[in-house]
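Just below is one structure, and these are the notes that go with it.
We did not get these values from a lab; they are worked out from the coordinates using the rules stated. Since this is a predicted model, take the numbers as computed values, not measurements. No Cβ is skipped: glycine too gets one built from the backbone with ideal geometry, and neighbour counts run over all protein chains shown.
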Amino acid sequence: MLRTFLLAGLLALCVGAGCKAQSTAPQAASQGTMDAATLNRHIEVLVRSQFNVPQDYTVTPGQRKPSAITGYDSLPITLSRGARSTVVNFLISTDNKTLARLETFDLASDPIFSIDVSGRPIRGNPGAKVTVVNFDDLECPYCAQMHHTLFPSTIERYKDKVRFIYKDNPLPPEMHPWAVHAAVDANCLAAQSGDVYWTYVDYLHSHSDEVTGPDRQLPKSFAALDRIARQEGTLAKLDSGKLDACITKQDDSAVQASSKQAEAMKIESAPAVFVDGERVDGAIPEDQLWLVIDRALRAAGVEPPAPTPAKSASTGQPGGTGK
């Protein structure tokens, strides 16, 4: 489920294209007969077509400057709508024949390699060499699908070889009105027990309709979230006074800090899973997720579990043909 931050999404499209989006300008440019206005128009048309720029955005080439790449100048292009704008840097060949995108990546300090998971509840082996981090939204149906892929099938497959950690990344209230409140309540439980945190998360990802309610009244959703959290706390014999105070306060600062980290990592959808830094977007099938986890295990020097035998399409007899 995509966020509706248009500028961020547009920038993501440009970034995602990378050096792949390299095109040759029209033939007139190669003949050296294109004036500046025509060249800028061709640049605008190419950028719009290659990067699917929405029609209500303006595309404005800026002042070109020498770049560090021989034969190319740096060309900033401003993408704007109303008062909001962002600048995407392109390269243009000095002979005006080629427009390109070039990205550089920080192999040492990219945030995907340093996700802050301090104090977060852990499921699986705390000392495992491979960590699966999921930026989760407790109201998101796609997140629920991913959750059910992770638990129980994935954790049962990998047992003590992998640890699982959730970070908060609720989508905006206009999309998921009770997601932040749910994250706060979950963290109130986590402050006393990681196991109860996971029980609460399991429940919400299986009973979101109970929280939303048939009439979709937000106060009722909040009340349902608090009731469920208190029930889980009572069953686990948590300190009810501390839990009530935390739920009542609804301090969302930790949730917002996690969301800011997600934003810094250019996460614009939920769920977003990172397996030792390797990103997986969306609720993908478990066999595809397992390929990523197996790859991370091998890189860490751990042999993945043996492949699961294919299920027979027969009457249930091992190796049967159904005849």
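A compact table of results
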{"read-out": "Selected from THR70, THR154, THR94 as most flexible by GNM, with the chain as the system and alpha-carbon contacts under 10 Å", "value": "THR70"}
{"read-out": "Estimated [θ] at 222 nm from DSSP helical runs (n ≥ 4, -39500 (n - 2.57)) normalised by residues in the chain, nearest 500", "value": "-11500 deg cm²/dmol"}
{"read-out": "The stretch 186-264: trypsin sites (Lys or Arg not before Pro) falling in loop per DSSP and having at most 11 other Cβ within 10 Å", "value": "ARG216, LYS237"}
{"read-out": "Vicinal HN-Hα couplings computed from phi for the stretch 88-97 (Karplus, 6.51 cos²θ - 1.76 cosθ + 1.60; Hz; Gly/Pro x)", "value": "10, 8, 10, 10, 10, 5, 5, 8, 6, 8"}
{"read-out": "Neighbour-count order for ASP276, ASP95, ASP137, ASP185, fewest beta carbons within 10 angstrom listed first", "value": "ASP95, ASP276, ASP137, ASP185"}
{"read-out": "Charge dipole magnitude, Cβ of K and R +1, D and E -1 - the stretch 69-159, Cα centre, debye nearest 20", "value": "200 debye"}
{"read-out": "Table column - 3J(HN,Hα) (Hz), the stretch 218-234, Karplus curve with 6.51, -1.76, 1.60, x for Gly and Pro", "value": "4, x, 5, 5, 4, 5, 5, 4, 5, 4, 5, 4, 5, 4, 5, x, 5"}
{"read-out": "Positive-end residue, the chain charge dipole about Cα centroid, Cβ charges, pick of VAL255, ALA223, PHE90", "value": "PHE90"}
{"read-out": "Residue exposure sequence - VAL280, VAL117 - by fewest surrounding Cβ within 10 Å", "value": "VAL117, VAL280"}
{"read-out": "Neighbour-count order for LEU107, LEU46, fewest beta carbons within 10 angstrom listed first", "value": "LEU107, LEU46"}
{"read-out": "Under Karplus coefficients 6.51, -1.76 and 1.60, residue-wise ³J(HN,Hα) of the stretch 259-264 in Hz, glycine/proline x", "value": "5, 5, 5, 4, 5, 5"}
